[in-house]
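For reference, the structure discussed in these notes is given below.
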């Protein structure tokens, strides 16, 4: 009888410790803050010619665990979302992109020399080729981020630019006036 109480007490203590560890705020670790330079509301234009390409709202969600992108194109019905998070088990950043054309991409990588550096695996394309992508986010200060994407169909021997975009922080919207 006494042994069963001790076993029950040990089980309760282990369960409580496990719950306490699970309930902690793991997404407050420094790695989860590495992509915070991208947070905010952005006007997005082509780096080459300055032509507006879209807008993006980037926010921290799920207790700071997810950097959530909401992209809307200019002059087209195209829009998409990305979910970015630090994977503590694999010690890397991961991005999952989805859009309204059934487009899906999975990237993985990390922060290197201040640049968020993402890669895909080689992904089969409808043409039969395999496409490797390299996506980078350059922190150019508090109000500018460059997003640069390249693709390769020869396992990374040669690369072509897919897009080169400049994110400029959108001006703050004035507070709404209440009508009386």
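The values are calculated or read from the model by the stated rules, or taken from the named source; none is laboratory data. Bear in mind the structure is a predicted one, so any value in this text is a computation, not a measurement. Cβ: placed from backbone, ideal geometry, glycine included. Neighbour counts: every protein chain shown.
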Looking at residue 50, is it in contact with a helix residue (DSSP H, G or I) (Cβ under 7 Å, 6 or more places away or on another chain) and either surrounded by fewer than 17 Cβ atoms within 10 Å (Cβ to Cβ) or farther than 20 Å from residue 149 by Cβ (or both)?
no
Taking the conditions exactly as written (surrounded by fewer than 13 Cβ atoms within 10 Å (Cβ to Cβ), over 25 Å from residue 62 (Cβ atoms) and at pLDDT 95 or above), does residue 160 satisfy them or not?
yes
I'd like to know if the stretch 130-149 contains one or more residues that are in a loop (DSSP other than H, G, I, E, B) and over 26 Å from residue 32 (Cα atoms).
no
Exclusive hit being modelled with pLDDT under 95, out of contact with any strand residue (DSSP E or B) (no Cβ under 7 Å at 6 or more places or on another chain) and more than 19 Å from residue 33 (Cα to Cα), set 126, 77
126
Please go through (1) under 28 Å from residue 26 (Cα atoms); (2) in contact (Cβ under 8 Å) with a residue 24 or more places away in the chain; (3) part of a loop (DSSP other than H, G, I, E, B) for residue 156 and return the number of the only condition it doesn't satisfy.
(1)
Specify which of the listed residues (120, 85) is closer than 19 Å to residue 160 by Cβ and modelled with pLDDT of 95 or more.
120
